[in-house]
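Take a look at the structure below.
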Amino acid sequence: MELAQVRLLVSDFPACYRFYADVLGLKPQSGASRGPYEKFSPAAGSAGIALQDRAMMAEILDELGGPADGHRSLVVLRVDDLNAYCEQITARGATLLHGPAAMTDRLRVAHLKDPEGNLVELQEWLLLRT
């Protein structure tokens, strides 16, 4: 089994599309900026992030007005230089909620939210000290 993607169910598809493409700099697969679906790929790695219109998923699950309307996820993205990346994305409109800061002796993180309130964690993996 392998992770294929993290899919976020969103209400304002164009705003989230712009966030992941223009602010975070991920590459859209098809350019479907108005939805109802788009997959984004990071520069490295095999898994991607996908956006899907929340109402479309609620309809698929036959849960209009029910639990599918509130589904959220956490997206974790690994970056090589957390400080530099955070400077880049804040210059493009991102607002950091936390960090960059050490989480453990092996990991530094920063957190932000996309326009729908989905939490995004940025990670920089550190080498172990010998």
Any hit, segment 39-59, residues being of a type in the set (Lys, Arg), surrounded by fewer than 18 Cβ atoms within 10 Å (Cβ to Cβ) and modelled with pLDDT of 80 or more: no
Among residues of segment 11-39, those that are over 18 Å from Gly117 (Cβ atoms) and among the aromatic types (Phe, Trp, Tyr), counted: 1
Any strands (runs of 3 or more DSSP E) falling wholly within segment 68-130 and containing at least 1 residues that are at pLDDT 90 or above: 96-104, 107-113, 119-125
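The values are calculated or read from the model by the stated rules, or taken from the named source; none is laboratory data. Given the structure is predicted, the values throughout are model-derived calculations rather than measurements. Positions of Cβ are generated from backbone atoms using ideal geometry, with glycine treated the same way; all protein chains shown enter the neighbour counts.
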